[in-house]
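Worksheet for the structure shown next.
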Amino acid sequence: MEPRSRSFYVLAAFFGLFLLFLYGPTITIAILSFQGPGGGLTFPMRGTSLHWFRDLFEQQAVGDIWGSFRRSFALGLMVMVTTVVVSVMGGLAFRKRFPGSGMVFYLIITSLVIPSILISLGVGLMFSQSGMTVHWATSGFGSQLTWTLPFGLLIMFAVFNRFDKSYEEAARDLGATPWQTLRHVVLPIIAPSLIGVALFGFTLSYDEFARTLLTAGSYNTLPLEIFGMTTNVTTPVLYALGTLTTVFSLIMIGVFLALAWLGARRRARAGSDAGDGLA
Amino acid sequence: MEKILANRAIGGWLMALPLVVVLVLFLVLPIILIVVVSFWQATEFSIIPAFVWENYEFLFGSPVTYRVFLNTFKYAAITWALTLGIGFTVAYFLAFHIRTQTWQIALFLLCTIPFWTSNIIRMISWIPFLGRNGIANSALMSWGVIDAPLEWLLFSDFAVILAFVHLYTLFMVVPIFNTMMRIDKSLIEAARDAGASGVQILWNVIIPLTKPGIMIGTIFVVTLVMGDFITVRFMSGSQSANVGRLISNDISLLAYPSAAATAVILLLTVLIVIGILLRFVDIRKEL
């Protein structure tokens, strides 16, 4: 191995600063959320306490935080499951290069690049003009899918671009039906990437703001609730909430990553060759 | 049944059906409705179906529109340049200077984790840093760089750009890293054997081969910044405007036809920009 060049150390320092830039502010509010009861939105710390966390759990003067958390969590799971199923089906469909697939592809790209507020405005108008009421589980759900599905599909395209077709051909030669090939060959091979799609589906939904702004109806999701707080709450209770939901996000990310890692390890131990089709 | 599914066209469409239904219901129909409503009339209390050009006449007749569009392009251009510089450097370090795959994956994940947490909270988290009595001001004052706290740190264009870079650099790092990892290492060895210096390798080998990744990152960053309204509103303390805020202000005044007309122009602008960028890259080939 050749020795590290000087540019390595310069770049490593740059990378370290970048990580500090990424994580520094979040860590700062995590520290400040333990402010003493008399503390403000910035340093110095006036003692340390769990005062602001207790505030979150006790009084509901700051709004319906726990209700909005439950709704965001439920919506996240709904969007996650739908994103995984629809993306897999869509990915399989695109492999068949069906007529009109080019147009559907451009729709996906449009869905990805369209300013979020247009979805909010358009879906909101569609519901109000047709006499339906907007609700997080209907209009909010659909609006979020326009953001999570493009990511799910891009991942599926990447997966199928690297998919070795000879596994399927082998299954077919051995007499497997199309369904058996899908169930016992294709799905096990792409399973690890589905954890990635699920991670995107859940977290993008859980944190989505702009697309739910006009489509969530009278019951807020958590990001909407937090944004509402920024205009009228000027105590560290805001940081306490921010810290809690960030910790929750990190736990979810950890669970997904652990699942992916365990899956990979189990397969390696079982000596299966599934997954080798992925480059 | 098997026979129908085996048919490429019918089988493909059946599999794509859920996707197409979602996109038609929540993407195509809303866009059509926005275009229709942009020709409607508005009174103080309601909106009336009509076919008038007054929303567009007002939009193009107002000097505010041009200023706000210009401001939107300014945010996009500055954010693009900064995220490209930072994102390329980070991706280059990860792809060419980290030698084991385990470390590459670990450090790459460290860069992507913030993407899966809340943008709103990541914006809020700048308050204690940039505020009047925040960390930045206290540090600068204790070092004797400034005498009085800087007022332009929070609630300014500076804060807006900072937040954009903070939120969106990731969208540059990921695609650029992805294309860099696919560069055949023997090309770099060949260049070195042929006597190229480090800078020459970077400029003549790595950058040309990384262009598709740069283009995909550019598409993400430019569209996210151009369509944003919440970062500008929060980080500028409602003092700066971009097109997204123009739309959201109209919405809060229930002036839907006017919001719709602005939205149509914004969408056309974004699509034209993307159309130009897509000429330089074939996304489906790069995935």
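The values are calculated or read from the model by the stated rules, or taken from the named source; none is laboratory data. Just so you know, these numbers come straight off a predicted model, no measurement behind them. Every residue, glycine among them, receives a Cβ derived from its backbone with ideal geometry; neighbour counts consider all protein chains shown.
Considering B:79, B:102, the condition of being part of a helix (DSSP H, G or I) and touching a helix residue (DSSP H, G or I) at 6+ places or on another chain (Cβ under 8 Å) is satisfied by B:79 alone.
Taken over region A:165-183, residues that are exposed (fewer than 13 other Cβ atoms within 10 Å of the Cβ) and either within 30 Å of residue A:258 (Cα to Cα) or not aliphatic (A, V, I, L, M) (or both) amount to 8.
Looking across region B:134-152, the residues that are loosely packed, with under 14 Cβ neighbours inside 10 Å, of a type outside the set (Val, Ile, Thr) and not in a helix (DSSP H, G or I) come down to B:143, B:144, B:147, B:148, B:151, B:152.
Scanning region B:28-61 for residues that are without any contact (Cβ under 8 Å) to a residue 24 or more places away in the chain, in contact with a helix residue (DSSP H, G or I) (Cβ under 8 Å, 6 or more places away or on another chain) and farther than 16 Å from residue A:128 by Cα returns a single hit, B:28. Residues in region B:235-247 that are over 21 Å from residue A:124 (Cβ atoms) and of a type in the set (A, V, I, L, M, F, W, C): B:235, B:241. Residues in region B:249-261: is at least one within 19 Å of residue B:57 (Cα to Cα), within 19 Å of the chain's Cα centre (by Cα) and β-branched (Val, Ile, Thr)? The answer is no; no qualifying residue exists. Residue-level check: of (1) of a type in the set (A, V, I, L, M, F, W, C); (2) closer than 23 Å to residue B:133 by Cα; (3) within 7 Å of chain B (Cβ to nearest Cβ), residue A:18 misses just (2). Looking only at region B:90-114, residues that are under 30 Å from residue A:225 (Cα atoms) and either more than 23 Å from the chain's Cα centre (by Cα) or modelled with pLDDT under 85 (or both) come to 0 in all.
In a residue-by-residue description of region A:26-49, the property of being at the interface with chain B (Cβ under 7 Å from one of its Cβ atoms), surrounded by 13 or more Cβ atoms within 10 Å (Cβ to Cβ), under 20 Å from residue A:203 (Cα atoms) and in contact with a helix residue (DSSP H, G or I) (Cβ under 9 Å, 6 or more places away or on another chain) applies to at least one position. Checking region B:109-118 against the condition returns a match, with at least one residue being in a loop (DSSP other than H, G, I, E, B) and either within 18 Å of residue A:23 (Cα to Cα) or touching a Cys at 6+ places or on another chain (Cβ under 7 Å) (or both).
Pick from B:113, B:78, B:98: which is free of Cβ contacts under 8 Å to residues at least 12 places away in the same chain and more than 7 Å from every other protein chain (Cβ to nearest Cβ)? The unique qualifying residue is B:98.
Report whether or not residue A:203 is part of a helix (DSSP H, G or I) and under 13 Å from residue B:121 (Cα atoms). When the stated conditions are applied, residue A:203 does not pass them. For the condition within 10 Å of chain B (Cβ to nearest Cβ), crowded, with 20+ Cβ neighbours inside 10 Å and over 29 Å from residue B:249 (Cβ atoms), residue A:257 does not qualify.
Of all residues in region B:131-163, those that are of a type in the set (Phe, Trp, Tyr) and within 13 Å of another protein chain (Cβ to nearest Cβ) total 1. The condition (being closer than 30 Å to residue B:254 by Cα and within 9 Å of another protein chain (Cβ to nearest Cβ)) is satisfied by just one residue among B:127, B:48, B:120: B:120.
Report whether or not residue B:201 is closer than 23 Å to residue B:282 by Cβ, of a type in the set (A, V, I, L, M, F, W, C) and either at pLDDT below 90 or part of a helix (DSSP H, G or I) (or both). Taking the combined requirement at face value, the residue does not satisfy it.
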